[in-house]
Amino acid sequence: MTQPDIVLYTANTMNGWKPLIFLHEAQINYELVPINFGEKEQKAPDYMRLNPNGRIPTIVDRGADDFAVFESGAILWYLAEKYDRFLSHNPKERSETLQWLMFQMGGIGPMMGQAMFFQRIAKPNGDEVPYAIDRYVNESRRLLEVLDTRLAGREWLVGDEMSVADIATYPWARSYFWATVSVDGLPHLQAWLDRIDAMPRVQEALQLPEPRPSAFGEGDTDAAASENAAKFR
Ligand SMILES: N[C@@H](CCC(=O)N[C@@H](CS)C(=O)NCC(=O)O)C(=O)O
């Protein structure tokens, strides 16, 4: 059997799920290499030769001389071009897709990520900073409101089909519980989340490399938060 082109190094986090969602939804064969944060595998020298930032996700394309791609937005764009999926050929729609992808990478991701960090990592590790929590939760809510406005009267962030902008944004927006950001009063955002929630292959991807229901407010979230926080001590 021939080896798949794409080797994906990832973990069950918001950025880590993005390429998994792409590959599962497009039904592309790939090799999965789970990265264990507890073991600091993301900081190992061999891994950091592929991803100089020492974070996940990363892909290596065996079909392109082992070309390595880091940064989840760049990975989605690379996969979209390689497989001609989830990216319009229309130049204006392509630009809009890049705009919303940038909005996720520069806004939703960092702000919700910090809201999560201060509540799910700093606080259980004994460092509670209410000012930072307020700042990042409020900014995250504002950004989700921007998404809600964009999604009024449309099914997808760009054009008539799911794109890499939706794929990048979905795992973050869906994890509003973990960031303790409310989505009350954001019906268009909620309808978009429901639409993607109903896609079986997306849900399959969210179970990898291992299930993490706490991110979505299910299971014993306090226990999961303290286990997660311990990995970052
Ligand atoms: N901008 C980067 C962010 C990557 C990132 O922050 N990944 C987190 C998981 S979502 C990570 O690897 N954390 C482990 C660490 O910080 O050591 C991307 O989108 O790929």
Please report the net charge: other residues with Cβ closer than 15 Å to the Cβ of Arg135, K and R +1, D and E -1. 0
Using a cut-off of under 14 Å, list every residue of the range 120-156 whose amide N is near the label point 7 Å from the Cα of Arg233 along the Cα-to-beta-carbon line. 121-127
Taking a label point 7 Å from the Cα of Ser182 along Cα-to-Cβ, the residues of the range 92-114 whose backbone nitrogen sits under 12 Å from it are none
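Assuming R0 = 30 Å, what is the FRET efficiency of Glu81 and Arg154, from their Cβ-Cβ distance, to the nearest 0.05? Walk me through the numbers on the way to the answer.
Details: r = 24 Å, r/R0 = 0.80.
Once rounded, the FRET efficiency stands at 0.80.
With the contact rule set at Cα under 8 Å and sequence spacing of 6 or more, what percent relative contact order holds for the range 91-230? Don't jump to the answer; show the numbers that get you there.
Working: 139 pairs, mean separation 43.3, N = 140.
Relative contact order of the range 91-230: 31 percent.
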Can you give the net charge of the other residues whose Cβ lies under 11 Å from the Cβ of Met14, counting K and R as +1 and D and E as -1? +3
Provide the FRET efficiency to the nearest 0.05 for the Asp222-His89 pair, computing r from the beta carbons and using R0 = 35 Å. 0.15
How big is the gap, in Å, between the Cα center of the range 62-86 and the Cα center of the range 143-167? 22
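Computed FRET efficiency, Cβ-Cβ of Met48 and Lys123, R0 35 Å: what is it to the nearest 0.05? Please list the in-between numbers first.
Details: r = 29 Å, r/R0 = 0.83.
That gives a FRET efficiency of 0.75.
What ranking of Ile56, Ile196 emerges when the number of other C-beta atoms within 10 Å of each C-beta is taken as an exposure proxy, fewest first?
Values: Ile56 25, Ile196 20.
If I rank by nearby Cβ atoms, fewest first, I get Ile196, Ile56.
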Over the Cα atoms of the range 91-230, what is the Rg over Rh ratio if Rh follows Kirkwood? 0.98
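Considering the convex hull of the alpha carbon atoms of the range 84-138, report its projected area averaged over all viewing directions, in nm², one decimal.
Numbers: hull surface 19.6 nm².
So the Cα hull casts an average projection of 4.9 nm².
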Within the range 33-58, backbone nitrogen closer than 15 Å to the virtual label 7 Å beyond the Cα of Gln3 toward Cβ: 33
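FYI, it's all coordinate maths here, none of it is from the lab. Nothing here was measured: the structure is a model prediction, and the numbers come from that model. Positions of Cβ are generated from backbone atoms using ideal geometry, with glycine treated the same way; all protein chains shown enter the neighbour counts.
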